[in-house]
Structure formats: structure tokens, C-alpha cells
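Let me begin by presenting the structure, written as C-alpha cells, before commenting on it.
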Amino acid sequence: MSVFSESMIVLGLASLGFCASAAADLQVLELRTEYRINPEGIEERQPRFNWQLQSEERNCLQHAYQILVADSPENLANDRGTLWDSGKVDSGESTFIVYAGEPLQSRMRCFWKVRVWDNQNRMSAWSDTASFSLGLLCERDWHARWIGFNAIGAEDLDAAAVARIESARWIGTAPSEDENAESAKTIYFRKQFQLPEDAVIVNASLWVTAEASCQGWVNGYQLNQGRPQMKDWHEVYPHLVAALLQPGENVLAFSVTAGKAQSGLIAALKITLRDGNVIDITTDSSWLCKTEEPADSWTTGASDTEGWQPVTDIAGYNEAPWEGTAPDLTQFRPVAQLRKDFSTRAGIKEATLYATALGLYEFRINGEKAGNCFFTPGWTDYKKRLYYQRFDVTGLIRPDGENVLGALLANGWYAGHIGLKGSAAYGTKPALYAQLEIDYEDGNRQIVVTDDSWRAAFGEIRGSDLLQGEVRDFRKALSGWDMPGYDAGAWAAVSMDAPEVVPEKLQAYPGAPVKAFECLKAQSCNEPRPGVFVYDLGQNMVGWPRIELEGRSGQLIRVRHAEMLQENGTLYTDALRKAEATDFYYLSGQGREILKPSFTFHGFRYVEIRGIEQALPLEAVTGQVVNADVDIVADFRSSNPLLNQLAHNIVWGLKGNYLEAPTDCPQRDERLGWTGDAQFFMPTALYTADIGAFFTKWLVDLIQDSQQADGSFAHVAPDVIHEGGAVAWGDAALICPWLMYQFYGDVRVIEKHYDQMVLGMAFLEKTSKDFIREKLGFGDWVNLGGGAKAEVICTAYYAYLADIMSQMAALIGKEDDAAAYAELHKNIKEAFIRNFVGDDGSILESSQTGYALAFAFDLIPEKLKEAAARHYVEEIARFDWHLATGFIGTPRLLPSLTRAGRDDVAYQLLMNTTYPSWLYQVTLGATTMWERWNGWTPEKGFETPGMNSFNHYAFGAVGEWLYSRVAGIRPESPGFARMRIAPLPGGGLTEARLDYRSIRGLIHAGWEVKDGILSLDVTVPANAEALVCIPTSDPESVKEGGSTLEAAGIPVAESAADRVTCAVGSGTYHFSATVR
């Protein structure tokens, strides 16, 4: 029996009573079904219930519970569990209690409550009522048909102010008369042009392509930084270049490298000025070219024209020999508006909308939005799985009258641009599928479905794309389109074409939907160039700006977004790569207008507004924050403001990247659910936010829908790359369910995915030799020289996975598997030690990351740990006492130093403020976590734009050490039924505290050192127990509430020279101790 168990028995016996009276202060709160509060439309036929207990008394434990589930609030209020009455169940469990009542059917709305008995046999009052509803669980429940409105061919290029490359000409040099002449390698093209001296540029769109490899410059600034090279004439490459142009003289310059003596270039530039004038520059006979390398200044206006010759006009756009050039017009396709009139009669009891789309949808009923979510139905591998939402729309339906069901249908992830894949990764034509059911008091049901009776039109949203942005022309708004009485006579019939993709499964959405949260006010405004207004929101965020203004009809307002500014105060956008992240608005001129998009989001701190005559007041520009509906449940504070800002940055990194998938970054042309990043950060995420529902959904994306044919798991989920198996990335499929179990006690997540995890382990075994793995993949991404030998990283992870698979197998009763994986783990560990651990405790060809993994995964023999720790610290000293790890090593760095007995070194790394360190970014003004340790430095400026996100949570994995060591809260058993509170003063801190709202309730640990006395405040939630480790230099000095531990009735579990460990039940405690 453990020390913990013995001590808690003493506490339990001390608190037992014999009366069955009601406990006035014992409350049951925070009722949840499948991690969610009152979820609408769940798929589970045996949902699980969670609740929390609250009591002012110490040592409160639940000894029994009773759950009632009813089919109506009235029955539940009368204590009639018409669907399930559990009776009094002798159990202390308050998490994941499985429904065991009448079979649940489609459409059902269920109401439930719970009461408990504590360890003094006192009964609580019934909890407040909670509810959940079922979705449409059978295919026969659906009567809808797929509808759409084809926007291909309806692209509105004028609204997006884009260049018209079809009016340009292919240009080149004159062909050589000598057929045997060597082919020219590079041809240089140049065009000088003038803009009015008083020009104020709102937008400048440049489209270009060339015969072969092409580089471009605008006024000496090289295009395409951070992007793939322009090299395929079949593709047209767009650029937004307004920031590069200037009043007066300008120069466009290109070099084209090809294997032909005659090579072609075609380009078009459209410049929109604030006064409404438009200037078009296209490749034509007025351009100049040269076949010899020009002087360095040739890309700017400083170059002379000596040696430059007129170009040869070769062909028109899409003429031979360059037939088939095709720009990607996806982002310019207008968003369809679809509507259906219907009538109702009196006596409506309930109205429910079930809706989904291949694409994104927003439903509206009689002028009001259905629900409060964005980007529905979410992102999945649409070929395998599509989710739908259920909405209670009873309050939106007009009884006994005319009604309108309307919907907006956009490209979204389905047809729009997706990171690393371009557009149309799944399909090209969004489609809508929905069913409105109106139940009447008399028992009849009216069903309104998507079918050929719907009508459609295009309105004000002239284009929309998640990566590129949105175009809205308020002059084309269809006012009242979603209201009864609107004349839709001119609207067209909807398309009834079969969908391009037929998902294998249509299921109720199980995750955390995207919702709008706080609005950030602009902190300042600057005008770095005439007519360019840059607003600083003070926080790197994800969402969109909300701008209020008045203007003239047809006035173009361009809004662009960035995380950082350049030295001249303009936006730094190179790191966005191919993502334009720009919204265009044409004002209606009808008074005050609100500018905001509907089907795109941006990652930004700075908002650039062009097209306005003067700066808007700060209150007119706000940032609407959107993210997955995950409550932030951690609040960390310390005596060090920089450390507090780091904790803040970790929170905002999570908020910005938890949007349908745990993405790598929210701003550039990527935004993918990178699996490695997700598992590196997950321990911190589990402390930081309530992510149970979010990961329930995403683990299906990863494990069920992204497993490769060889058993490995994808590098991103949803999987658009179709590659897998990289160490620490694909391994997320095994690690993340294990971590969910540790923090929440969720066994079903392991049961659900176990078979796929077994296949994943089989892949690892097949790709190992003598228990050693060496196929690394991405490695210790962006490490600074402190990585490790590939085989060390691969084999360390292999050992860890075998270990947790053994534990997970045992947990769900797979005893043979558990034994086999335990034996595998033993063999891998022995192979690791034999091949990589020297007799002196060194690890072969490894720096910080190698030692971090070896200590974290317990791969060092006990007799060599002290020596290995010395080598580990030497590797840190070698880098001048700074970290040098990347994505794999950093999450394990500080925890492994703790395991090595070197908390002092861990603190030194944490508290460093010079490069490279966590706090270095903070000193530079970071408000989120950066992708690179040196994303920007005062000495070198910005790192390579090819990969330089300023909102990238991976290095925020340090939060786990802040929460579990500095504050000292960590689980001792799954789901925090038992916890350890062991704070670690150090690092020059005089105080630290953490409030963590765990699955069992609020856990608090707060310590302060003053005048040689440590004060430690602890709160343990009801129905939980804790071991509290109190650091001290004098064990006899430890007190609680001013009394000795014995007088306070607190048993001591363990006493050592530097700490006293005591066992406590629930309640709030105030410990003190002498420290030197």
C-alpha cells in the first residue's frame, strides 16, 4: 500500500459519520455530457456524464450518486427518471459515468440531474438540470438532397481589383538566326513607368508567369520571398505589391532562366488609386530586355538603358506556344445565397435544424443567424467523414405564418485554398445539405429540406477564401433576402448535381466549434506612408478586424493583416508566403457601415487600412477574436513580469491555433494540423484549456481518418499531404490519447482508437532492426545545434510508445497485449542502453535533446544517472548555459532536468533573457509564442520568410513545467482524483501561483517566500485528495493555519531534510515553513 493510500485512509476514517442528513453546503455543479455543456446533436448512444462537487468542508469525498435522465423538464422536475434512474450507486466516480438507461433514439432531447452522498452519508440537493440532444443517427432519418449553385465562371475579378493578365502579351527576345547557337540562359526584362506625384495607392495586383524559372522585382524589392519559385508557365503567380510602389518613377524587373534561345514572359499590373483612377501596366512592345547580366541597379530606377533592346511581341495570352495558362480563380468565386419560403401553422412545440455542407455554411431564418458558431460544419477529410450540426431554432420560427430558411455557402476547406495544397483539395463545387423539422403540439411534424424548390443568387460576398481573404461589395447586397416577403423571382434554380465527394460517414459534430470571444480595441494608429493607416491591436490574435466608417458609394477599402511591422512602420507580410490575407470592401454610401468578413480568418496584430481619406478613430477599429470553444482553465502568476507574459503568450498561442485542428500557425499559407506540434504542446494544453471535446474530434481526424496504408500516421490531420511515419509526428496518434487519459481519466478514447494504435505499433516494429529505429523524418526541428543522433531520437520514442501501449492495453483489459508491449519496451530499452549509453553515462552523438529524451523516457541505468546528468549539464554549459533544442527536445528539456536532479539548471534556462530563450522573445515584445527562437532580432531583423511564424505554440510546451513544477500541480492518478502539489521555489522568484480548473474542480497552489518563511496556500477540490510537498530547511517548522500538522489533524506521509509531504483531503489549507 502506498504512503498516499495509508494517509488517506486515516483522513477518511476521521471524517466518517453515521447520519444521512442533507449537506447544506454540498453542491453538484458543472454538469457535462461528453465534455460539453448541454450539447446539441450528439452521436453517442451511451453518452458519459461528468460533474463536480463543491463543499466548504475539508475531506469531502463522494461515496454514492444517483442520476435521473428524463424525456422532459417536467418529468425531471418531478424526479421521474423516465429514461434512466440509476438508483443510489455506491461509487466515488464523478467523471465519465456511462448512460445505462432506455435506448436513445434519433432526435431525442434528454434532461438529467444528479445528487450525491458524501463520506459522512450526507445527501446533496439535486443539481441544476442539464440536457443533451441526439442527432439523426440513421441514414433513413435524412430526407434532404444535396443542392448548390455553381460559381465556376462567375468569378468577379473586378471586385477584387486584380490584374487582367488576359490583356497582356507574351514578350521575349528576337529568335537567334543561328540554329546551332547556344541557348540563352537568362533573359532580363524591365519596364519603367510613372505614377502621379500625388498618387495614393489603395491596391496593386501583379499577375505574372514565364516560360521557366522566373524572378521578379518591384523597385528593387524581390518578389516571392518565402514562396516556391515561379517556374511553371501553366500557372499564374499573383502578388500584392501596393507597399512596393511609390508616387513618381517605378520599375518592374524580371529575369527568366530557360533552356531556349527565346523565352517568354507575360505580366499584368493593376494599380487602384484612392481617387478612383486605375492604372494598368501589361507586358507589351514597350518593355526592354537584355541577354547579358545587367548592372546591379537594373531592378531600380537608377539603372540606365544602355544595352537594353526592345522586346519581341511573341503571342497573346493563351496563344501558342503557351496555350493552357490557367490562373487559380477559386478565391474570386462569389458566395452563394440560397433560400426557401415555407409556411407554418399554430401550435409549434419545437423546431430543429440539421445542417451540413461540403464547404462552409451559415444558416439564417427570418433574418436571424441559426446558432453562434463559425466555419461550420468544420474541417474533416470529406471523402471519409462529414459532420453536421443540430440547432434548436424554435425561437426563430414564426408560428402560423410565412417563414424563410436561407443559407450562405462558401468554399472553405473543401474547395478553397489549403496549406501546401493550393485550392480544391477535395472538390470545386460547394454543396448544401439540410433538414428543418418542426414538431407541433398535436404530434405532427413538418419537414423542410434542401431540394429543387430552393432558389439561389450571388450577393455582396464576391469572393471568399480562408487563406486569401474576402471581397464584399455592399452595393450588391440583397437586402432582406432572408426575410419573408422578399421577391426572389429573378433568382435562379439551385443545382441538383450529385456532389463531387460522397463522404463515407455523416455524423454529428463531436468537437469544440469555433465561436467569437473578446473584442480587442486598437491601441494606436500610425501613417507610415500617405494614405496607409496601420492600427496596432496590442495583441497577436486570430479572427478579423471589425471596422466602422462612412464613405461614398463604390469607395474601395483594402484591409490587410500582419503579425509584425517593418522598420519603416509598414506591414511585414513576406512570412505570409502565398497567403494574401487581405479583405476588400466596396462601400454602399448608405450611412455608417461595418466591415468584417464571414468566411475567412486572419492571424495578426496589425491592421493596415487603405482607401480612407484620414485615420479613423481608435474605437472604430477592433479585433474580433475567434477560436475553438475551449475554456481557458489555467491562470499562472509569479513575481516575475516576464514570466507572467510568457504564460500569457502560451495561452494566446493556444487560442490562435485551436481552430478546427491544432494548427501550426494561423496566418500564412499553411494552417495545418501538424501532428508533432500538437503532441509536443499537449501536456501544456491540457493544463491551459478544457480541450476534451476539441481533441475528441481531432483524434478521429488523426487516428481513424489519417492512418496510412503501412500503418503509420499522417504528419498532418486532416491529412492533405498523404505522408506519414515521421518520429514524434505520427507518434502523436498514440501519445495524445494517453495524455487525455492522464489528465481526464478518459478510458473510452483509448478503447475507441486502440485497434489503429496497434497497427501503428506494428509499423514501428516493421521499420526497426534489432529494436533500433532510424527513420527520423523531420528531426529536432529548428534546433540550434543541441539535437541528437537520429537513431537516439527514434529509438527513445520507440521505447516510450511501447511503454505507454503496454499501460493502455492493460487499462482496457488486453492483458496479452500488455505483456507483449512490456516485453518489447524492455528489449528496446536494453538495445538503447547497449547501443547509445556509454559506460561513463554519455549518450552517443547527442547533445541536449538526446539527454532530454533519455531522462524523460527513463532510458538510463540507475547506476549511470548521476554521470549522465553531469554530461547533460555539460551540454548546456557548452551552449553558454542556454537551450539549443528544437521541437522534439524543447518539451522534454526542463522536465528531464528535474528528473536528472538539476532543477537549478532548469530554472536558469527558464529565466534566461538573452538569445536563445523563452524570455528573450518576451523582451522583444512578443505576445504569442514564436516558431523560431530568432524570428526577429534587433541585430539581424527577420529570419527567413520561408518559415517564420510569430504565432506557433510548439515552444510554449514549457508551460507544463511552469504549471507542474514552479506552481507544482500535477496528477498523481488519472483525472486528478489524486494529485501532488509540490511547488519548486527558485529562479529568483519570490512567489508563484496557479489556479487550475481541472476536470474535478478548482485546484490552487500559491507560494511566497518572505523573510525566510515559505507560505503555501493550497486548495483541493471536493472528491479529490492530494499529497502536498512543502519545501523547508526545518521539517519541525512546518505548520498549517498556524498550528502544527499534528494539531491540525494532517497526517505526515513523508519527512525529509528538505521537505515535508503530507496527505490532505479536499479543502483550503495555509501552510508555512522555514526556508534558508
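What pairs can you find where one residue is in region 174-201 and more than 23 Å from Val251 (Cα to Cα) and surrounded by fewer than 17 Cβ atoms within 10 Å (Cβ to Cβ), the other is among the basic types (Lys, Arg) and modelled with pLDDT under 95, and their Cβ atoms are less than 8 Å apart, with a gap of 6+ or different chains? Taking only residues 6 or more apart or on different chains, the pairs are Ser183/Lys260.
The helices (runs of 4 or more DSSP H) located wholly in region 732-849 that include 1 or more residues which are in contact with a helix residue (DSSP H, G or I) (Cβ under 6 Å, 6 or more places away or on another chain), over 29 Å from Glu866 (Cα atoms) and not aliphatic (A, V, I, L, M) occupy 732-744, 748-766, 815-836.
Residues in region 627-677 that are assigned to a loop (DSSP other than H, G, I, E, B), within 20 Å of Ile735 (Cα to Cα) and of a type in the set (Gly, Ala, Ser): Gly673 only.
Considering each residue of region 1050-1058 in turn, none proves to be touching a Gly at 6+ places or on another chain (Cβ under 9 Å) and surrounded by 14 or more Cβ atoms within 10 Å (Cβ to Cβ). Among residues that are outside the structural domain of Ile793 (by TED's automatic domain parsing), out of contact with any strand residue (DSSP E or B) (no Cβ under 9 Å at 6 or more places or on another chain) and surrounded by fewer than 17 Cβ atoms within 10 Å (Cβ to Cβ), Thr913 is included.
Residue count for region 326-338 satisfying the condition of being in contact with a Ser or Thr (Cβ under 6 Å, 6 or more places away or on another chain) and either assigned to a loop (DSSP other than H, G, I, E, B) or over 30 Å from Gly406 (Cβ atoms) (or both): 2.
When restricted to residues that are surrounded by 21 or more Cβ atoms within 10 Å (Cβ to Cβ) and more than 27 Å from the chain's Cα centre (by Cα), region 24-50 contains 2. For residues in region 842-882 being under 20 Å from Trp918 (Cβ atoms) and charged (D, E, K, R), which is surrounded by the most Cβ atoms within 10 Å (Cβ to Cβ)? So the residue we want is Glu875. Against the definition (crowded, with 23+ Cβ neighbours inside 10 Å, of a type outside the set (Ser, Thr, Tyr) and outside the structural domain of Asp1058 (by TED's automatic domain parsing)), how does Asn951 come out, yes or no? Yes. Taken over region 472-494, the criterion of being closer than 22 Å to Lys340 by Cβ and part of a strand (DSSP E or B) is satisfied by Ala492, Ala493.
Checked against the criterion of being within 19 Å of the chain's Cα centre (by Cα), assigned to a loop (DSSP other than H, G, I, E, B) and touching a residue at least 60 places away in the same chain (Cβ under 8 Å), region 553-570 has at least one qualifying residue. Set side by side, the residues Asp178, Asp232, Asp198 differ, and just one is at pLDDT below 95 and more than 34 Å from the chain's Cα centre (by Cα), which is Asp178. Filtered by the rule that a residue be buried (at least 20 other Cβ atoms within 10 Å of the Cβ), closer than 24 Å to Ile843 by Cβ and free of Cβ contacts under 8 Å to residues at least 60 places away in the same chain, region 757-775 gives Leu764, Arg773. When Ile632, Ile721, Ile650, Ile691 are checked against the criterion of being surrounded by fewer than 24 Cβ atoms within 10 Å (Cβ to Cβ), closer than 23 Å to Arg993 by Cβ and not acidic (Asp, Glu), Ile632 stands alone in meeting it. Exactly one residue out of Leu206, Leu157 is in contact with a Leu (Cβ under 9 Å, 6 or more places away or on another chain), under 29 Å from Ser588 (Cα atoms) and not in a strand (DSSP E or B): that is Leu157. Phe1071 satisfies every condition listed in (1) closer than 24 Å to Gln27 by Cα; (2) over 37 Å from the mean Cα position of the chain (by Cα); (3) buried (at least 24 other Cβ atoms within 10 Å of the Cβ) except (1). Please go through region 428-471 and pick out each residue that is touching a residue at least 24 places away in the same chain (Cβ under 8 Å), part of a strand (DSSP E or B) and more than 24 Å from Pro499 (Cα to Cα). Those that are touching a residue at least 24 places away in the same chain (Cβ under 8 Å), part of a strand (DSSP E or B) and more than 24 Å from Pro499 (Cα to Cα): Ile438, Asp439, Tyr440, Gln446, Gly469, Glu470, Val471. Of all residues in region 60-112, those being in contact with an Asp or Glu (Cβ under 7 Å, 6 or more places away or on another chain), among the small types (Gly, Ala, Ser) and not in a loop (DSSP other than H, G, I, E, B) number 1. A single entry from Ile418, Ile438, Ile397 fulfils the requirement of being buried (at least 16 other Cβ atoms within 10 Å of the Cβ) and out of contact with any strand residue (DSSP E or B) (no Cβ under 8 Å at 6 or more places or on another chain): Ile418. All conditions but one from (1) outside any loop (DSSP other than H, G, I, E, B); (2) closer than 30 Å to Tyr585 by Cβ; (3) within 21 Å of the chain's Cα centre (by Cα) apply to Tyr387; the one that does not is (2).
Selection of region 298-346 for residues being of a type in the set (Gly, Ala, Ser), loosely packed, with under 13 Cβ neighbours inside 10 Å and touching a residue at least 40 places away in the same chain (Cβ under 8 Å) yields Gly324, Ala326, Ser343, Ala346. Restricting the first member to region 904-915 and to residues that are hydroxyl-bearing (Ser, Thr, Tyr), and the second to residues that are assigned to a helix (DSSP H, G or I) and modelled with pLDDT of 95 or more, the beta-carbon pairs closer than 7 Å and six or more apart or on different chains are Thr913/Leu642; Thr913/Leu919; Thr913/Tyr920; Thr913/Thr923; Thr914/Tyr920.
The values are calculated or read from the model by the stated rules, or taken from the named source; none is laboratory data. Just so it is clear, the structure is predicted and the values come from calculations on it, not from any experiment. Heads up, the Cβs are rebuilt from the backbone with ideal geometry, glycines too, and the neighbour counts pull from every protein chain shown.
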